[in-house]
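Have a look at the structure below, then the notes.
The values are calculated or read from the model by the stated rules, or taken from the named source; none is laboratory data. This structure is a prediction, so every number in the text was calculated from the model and none was measured. With ideal geometry, Cβ positions are generated from the backbone for all residues, glycine too; neighbour counts draw on all protein chains shown. These area figures cover heavy atoms from the full protein model, side chains too; ligands, DNA and RNA do not enter into them. Shrake-Rupley method; radii C 1.70, N 1.55, O 1.52, S 1.80 Å.
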Amino acid sequence: MVRAVSHLASLRLLALLLPLAAASHARAQDAPLETAEGDDASGGSSDTRLPEARLDERAASAEPESQSESSAASSTPSATDQAVRQFLDGFHFGSYGRIIAASDLRGASGHQSRIVSFAPRVDEEDTYAELELRREDRVLGVDTRIVATVAYAGPLFHYDGEFAERIAIRNLFAEANNILTPGLSIWGGSRMVRGDDLYLMNFWPLDNLNMVGGGLRYALEDDLELAVQVGMSEPNNPFQRQTDLVPARTGFLPDEIFVLDRPRTVLSGRLTYWPLGRMERDGLKGVLYGEQHWLGAGQRTRTDGTTETLPEDSGFVLGGQVGGYLSDSHTFANLFFRYARGLGAYDPLGVPFRTGTVITTGRAEQIRLALAANWEWNESPDVAIGVQLGAWWQLFHDADPAVWNRGALSEGAISIRPHIWFGQQAGVALDLSYQGMQSLALDELTGNGEGGSLFKLAIMPFISPWGRGTYTRPHIRLLYVVSGRDAGARRLLNPADPRASRDVEHFLGVSVEWWFSSSSYAP
Amino acid sequence: MTKTNTTTSRVASVASVLGAAALSITVGSCAQDDLGTLGRVTLSPHVDDWRDEIIYQLLTDRFANGDAATDYRVAPSALARYQGGDWQGIIDHLDYLEDLGITSIWISPIVLNVDHDAGFDAYHGYWAVDLERLNPHFGDLATLRAFVREAHARGMSVILDIVTNHLGQVFYYDINNNGQPDDSLIGGGVRSPLTRITEYDPDYDPRGIQAFTSLGESGPAPVRFFDMPEIFRVPPNPPLFQDPSVYHRRGRVTSYDVREQVLFGDFPGGLKDLATEDPRVRDEMVRVYTDWILTTDIDGFRIDTLKHVDDGFWLDFAPRIRQNLAAHGKTNFFMFGEAFDGDDELIGSYTQPGMLDSVFYFSHKFWVFSDVFQNEGPTTQISRLYAQRDTNYSSIPQEGGIGARPRDVLVNFMDNHDVPRFLYDRPDAGGPDALRSALAYLLTEDGIPCIYYGTEQDYAGGNDPANREPLWWSGYATDGVTFQWIARLTRIRRGYAALTHGSFDVVWATDHVADESDAGVVAFERRIDTGDYALVVINTQGRHASRTSADGNTMTTSQAAGTTLVDILSGERFTVGAGGSLEVEVGTVVVDDDPATPPRVRILVPESQVVAGL
């Protein structure tokens, strides 16, 4: 059984090391890949991985069983086992990043054309990178990880000359796998907790939490896994936190006290079921997901010194996902549904807006559908093709009793991105996308509802040094995007914005995107 | 439009419709209306005869707070700052207004203002900076429309306050040409006078504000627009108003007795005076305010600072607004203006043919409500003022206007947001009864009564901003004496056509203000040719009961001897004597259940015309 352990651990080793060591295209093609990014409005990050990556996860999670069995066998480690231990006992580095320099062909910098919450990302303009340091050990038969991920948002010093960047700690947690009982993992700290994404939109349609807390994950047999997390967040805004300076009890400098201090507590749970078994290369996956949000009552001080009471608040999220994957053809499809109510309709790091006179989020509601899919054909040494698809649509209305405002909207986007590889390391991708938004606010000049549509067409010749695959990175790209917006979309811009008077936008630039060996996204 | 754009637009339109439809399905359960209300509203007249209207003037920021999302930078209880009221609040309290008997709601200016200036906020709405955008403190277009729609559904009309004379403090005069607004002292104080110069709001100069330094003047001072987007203090919109030549640029009015200053000077507070004689300015004013009507279906304008605008503007503006609206099926659009002046002739001049339908009757406020009801002066003031009516006010309905003679639709009021409240000047114990007797006069005389918000709650604030109290301080109580008194009077006014459409004839007024038997009494008849009749008798002083007789003379009415008149307030009956004579006693208390005490106000109608239940 030692051999089994070695085999499974090797898969994980492969998952983590292969992108770094990939010298051969074939190996890179087979490597489990992870996308890691997170600069969306909610500070989200990505988990778009090929089915192989999930297989490797499964392999890793299956280790305890194997280990248990191995304990009854020889205690003398083989050479392969030694290699595993060396890998496990050490420091590791992983990263995600993207950098773009673009022009609008009018002499100005290129800007993303967007009118929806999660726009097709083909012309995203921001620089973002995560640098992950990780310590992994196996001690007393327990695998541990201590992960620190520093996120870094532009603009870069080389662009604006300012020796200052925006930095945030996105992950800072410790995790123990196979502890207490085989299949059980426990973590604590600060962590991005999320599932599958729509890569083309930089969007996690079902679950995307940034938590300070802890969680459990338990794998039952080969086809079921339950993960539960609880965390807190308290953004520094008057909805949750307010401090005040008061005369010092002793001495001279004033003391700072909390006037309002009510962190949001979020409990989330995710049940994943693989009907054909988690280990199968071709399989199905179903997910049930839920969140419960709580916010305690509190009081805050108004500007005139009077006190305002904020009542308790709560909300929930219910959702699900069904998907299937064919590992050999790198094909998958995931369909998501999410319903959120009250506090659950607002991101834990955001400020609930338009909450009405009751100052609660109770009436807020969100309904969301999303689809992510990928298909690849990779049978020829000369040519390969792949197609990515992402689409989502959501209805949202805020907590305000007044319905006819910007807090009530229907929006969505669809993007399809076909790729073709010429040989192993070069190719070209097209990206065609549509965004549509309709709110119930009325435009003051026309009297019509605010909303609009936006189309984009992009062409992206790229170099993929680590080989084929729509999710293989790095990519070094030349990028041209043309966007067309209708009158409604133009009116959504500030009239002083030059783009408000233009139907068409251009975006010509060079971009690079990479990811490798990041553990940010493993559940 | 190119073919590509056309295709894009078609696809976009389809997508928008689908999106909107999907949205309506989901949020429809809590929506106030369906999506069919989106887009331009269908205009229609909502008032048949403006003489039937009872106006309630409110300050949007002070009436009711219905939407916490618009409570940006509010400073509760600091009355010179935003308090949080909004259009949603008005929607939420339409029941309150309905209970009071209001039929028309006058709201604050709606357009975007310079938000903050010299420690004060633009909560009142008179500091416009963008005439095409709404003030977000009050809500958005959908809410404004919803308010107008809800009001119409209840049979109420909506009057919008507008300003054409000036914008907010959107620029400064760079007198010393240093590129920044200065507030400084000039001169040495010994050989040259020490003068305070403010580039925000310099004193009037008929040549236009001059630039100067210690070496002397150097020609017209440059005008520099502010750029403070955080408080909307930016170059104004429409873009025409970013052209200095459309302003008079002569500095602030320092003497209201100088007509030139009144017309061409900046309104105190640095509110920049527009050159309303410029056809470009007129065109823009007509365009933007026509658009607001088309966008919201409001029913009338109350127009600010009439006397600061040249007459030619009104002769152009008012007819063009009427013509524009007629083309869209909106008739009976009511336009009345404010000339803050006791000069009855001046006020009346704005009702001459081609101008406005009516005016805010300031001379009446001073002559009647201040002199007679607050200060208990001779009631002959009432008849003397009324005697000027046909001389000073037009008796010809405006062409394309509301169909009523301006002289018949003057907007009467006892106080408003620019003067102390009635009770502020009557802090004594008799104040509330004086107020109620004045209300009785307001709601029974000819013209259109206008009640300033808070009057029904016995608010007693002094000058601005103390007279702009949040109404929520009252808890919106509807059981107060004054509230119930107004509610009853409005029911009576609506129930008796003579009180709205009848002629107005003073049948008893007196110079007596002391112990005389008729001291403080005023009596007037309202009659219609159809026979509808009402006789109103009020004791304007609260020191002793009075009667409609003195020095051996008795009031003579138009009614035949033997006619039985019923006081619909008390139920008492009176029989007209020979020659129409009638002696009526009125007491000192307006609302009193003691039958032995004569009421201070009587409304007498022929027995056959009594309407039960009012």
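Within the range A:198-212, identify whether any single residue is under 30 Å from A:Leu140 (Cβ atoms), in contact with a Ser or Thr (Cβ under 9 Å, 6 or more places away or on another chain), open to solvent by less than 50 Å² (accessible area, probe 1.4 Å) and of a type in the set (D, E, K, R), and answer yes or no. Before the answer, list the steps.
Restricting attention to the range A:198-212, the residues satisfying the condition of being under 30 Å from A:Leu140 (Cβ atoms) are A:211-212.
Among the residues that remain, those that are also in contact with a Ser or Thr (Cβ under 9 Å, 6 or more places away or on another chain) are: A:211-212.
Those still in the list that are open to solvent by less than 50 Å² (accessible area, probe 1.4 Å) too: A:211.
Still in the running and of a type in the set (D, E, K, R): none.
The answer is no, given that none of the residues of the range A:198-212 is under 30 Å from A:Leu140 (Cβ atoms), in contact with a Ser or Thr (Cβ under 9 Å, 6 or more places away or on another chain), open to solvent by less than 50 Å² (accessible area, probe 1.4 Å) and of a type in the set (D, E, K, R).
Please go through (1) touching a Lys or Arg at 6+ places or on another chain (Cβ under 8 Å); (2) at the interface with chain B (Cβ under 8 Å from one of its Cβ atoms); (3) outside any strand (DSSP E or B); (4) open to solvent by less than 50 Å² (accessible area, probe 1.4 Å) for A:Leu445 and return the number of the only condition it doesn't satisfy.
(4)
Against the condition at pLDDT 95 or above, over 19 Å from the mean Cα position of the chain (by Cα) and within 30 Å of B:Met285 (Cα to Cα), how does B:Gln352 come out, does it pass?
Taking the combined requirement at face value, the residue satisfies it.
Within the range A:180-188, is there a residue that is in contact with a Pro (Cβ under 7 Å, 6 or more places away or on another chain), open to solvent by 30 Å² or more (accessible area, probe 1.4 Å) and modelled with pLDDT of 95 or more?
Restricting attention to the range A:180-188, the residues satisfying the condition of being in contact with a Pro (Cβ under 7 Å, 6 or more places away or on another chain) are A:182-183.
Add one more test, that the residue is open to solvent by 30 Å² or more (accessible area, probe 1.4 Å), and what stays is A:182.
Still in the running and modelled with pLDDT of 95 or more: none.
No, because not a single residue in the range A:180-188 is in contact with a Pro (Cβ under 7 Å, 6 or more places away or on another chain), open to solvent by 30 Å² or more (accessible area, probe 1.4 Å) and modelled with pLDDT of 95 or more.
Mind checking which residues of the range B:82-95 are more than 14 Å from chain A (Cβ to nearest Cβ) and either over 17 Å from B:Ala146 (Cβ atoms) or among the acidic types (Asp, Glu) (or both)?
Within the range B:82-95, B:Asp95 is the sole residue that qualifies.
Output the residue which, of all residues in the range B:403-415 that are under 20 Å from the mean Cα position of the chain (by Cα) and open to solvent by 10 Å² or more (accessible area, probe 1.4 Å), is nearest to B:Asn332 (Cα to Cα). First the steps, then the outcome.
Filtering the range B:403-415 for residues under 20 Å from the mean Cα position of the chain (by Cα) gives B:404-415.
Right, trim to open to solvent by 10 Å² or more (accessible area, probe 1.4 Å) and you get B:404-405, B:407-408.
Working: B:Ala404: 9, B:Arg405: 13, B:Arg407: 16, B:Asp408: 15 Å.
The selected residue is B:Ala404.
For the range B:186-212, give me each residue that is open to solvent by 70 Å² or more (accessible area, probe 1.4 Å) and either among the hydrophobic types (A, V, I, L, M, F, W, C) or at pLDDT below 85 (or both).
Step one: filter the range B:186-212 for residues open to solvent by 70 Å² or more (accessible area, probe 1.4 Å), giving B:190-191, B:193-194, B:196, B:203, B:206-207.
Correct list: B:Val190, B:Arg191, B:Pro193, B:Leu194, B:Arg196.
So, in the range A:97-136, how many residues would count as being closer than 20 Å to A:Leu432 by Cα and hydroxyl-bearing (Ser, Thr, Tyr)?
Going through the range A:97-136 one residue at a time, the tally reaches 3.
Which count do you get for residues in the range B:57-81 that are open to solvent by less than 20 Å² (accessible area, probe 1.4 Å), more than 20 Å from the chain's Cα centre (by Cα) and more than 8 Å from chain A (Cβ to nearest Cβ)?
So the answer is 1.
Among what's in the range B:109-146 and is touching a Lys or Arg at 6+ places or on another chain (Cβ under 8 Å) and of a type outside the set (D, E, K, R), pick the residue that is surrounded by the fewest Cβ atoms within 10 Å (Cβ to Cβ).
The qualifying residue surrounded by the fewest Cβ atoms within 10 Å (Cβ to Cβ) is B:Phe120.
Could you list, ordered by first residue, the pairs with Cβ atoms under 8 Å in which the first is in the range B:285-298 and farther than 14 Å from B:Arg322 by Cα and the second is surrounded by fewer than 22 Cβ atoms within 10 Å (Cβ to Cβ) and among the small types (Gly, Ala, Ser), at least 6 apart or interchain?
Filtered contacts from the range B:285-298: B:Thr295/A:Gly447.
I'd like to verify a number: residues in the range B:187-213 that are in contact (Cβ under 8 Å) with a residue 24 or more places away in the chain and more than 39 Å from the chain's Cα centre (by Cα), how many?
2
Pairs, please: C-beta under 7 Å, at least 6 apart or cross-chain, first residue within 30 Å of A:Arg281 (Cα to Cα) and in a loop (DSSP other than H, G, I, E, B) and in the range A:222-249, second open to solvent by 70 Å² or more (accessible area, probe 1.4 Å) and modelled with pLDDT of 90 or more?
Filtered contacts from the range A:222-249: A:Asp223/A:Tyr273.
Let me confirm something: among B:Pro397, B:Pro427, B:Pro378, which residue is more than 19 Å from the chain's Cα centre (by Cα), within 24 Å of B:Pro465 (Cα to Cα) and modelled with pLDDT of 95 or more?
Working: B:Pro397 fails: within 24 Å of B:Pro465 (Cα to Cα); B:Pro378 fails: within 24 Å of B:Pro465 (Cα to Cα).
The conditions single out B:Pro427.
Restrict the check to the range B:583-600 and report whether at least one residue is surrounded by fewer than 20 Cβ atoms within 10 Å (Cβ to Cβ), hydroxyl-bearing (Ser, Thr, Tyr) and within 18 Å of B:Gln484 (Cβ to Cβ).
Within the range B:583-600, not a single residue is surrounded by fewer than 20 Cβ atoms within 10 Å (Cβ to Cβ), hydroxyl-bearing (Ser, Thr, Tyr) and within 18 Å of B:Gln484 (Cβ to Cβ).
Please enumerate the residues belonging to the range B:117-146 that are small (Gly, Ala, Ser) and within 11 Å of another protein chain (Cβ to nearest Cβ).
Across the range B:117-146, the qualifying residues are B:Gly139, B:Ala142, B:Ala146.
Tell me, please, whether a residue that is β-branched (Val, Ile, Thr) and in a strand (DSSP E or B) can be found in the range A:455-473.
Yes - at least one qualifying residue is present in the range A:455-473.
Kindly evaluate A:Arg473 against the criterion of being crowded, with 16+ Cβ neighbours inside 10 Å, charged (D, E, K, R), over 20 Å from the mean Cα position of the chain (by Cα) and more than 14 Å from every other protein chain (Cβ to nearest Cβ).
No: the conditions fail for A:Arg473.
Run A:Leu432 past the list (1) part of a strand (DSSP E or B); (2) within 30 Å of A:Tyr339 (Cα to Cα); (3) touching a Gly at 6+ places or on another chain (Cβ under 9 Å); (4) more than 8 Å from chain B (Cβ to nearest Cβ) and report the number of the one that doesn't hold.
(3) is the only condition that A:Leu432 fails.
Would you pick out the residues in the range A:385-416 that are in a loop (DSSP other than H, G, I, E, B) and either away from chain B (no Cβ under 13 Å) or at pLDDT 95 or above (or both)?
Passing the criteria: none in range.
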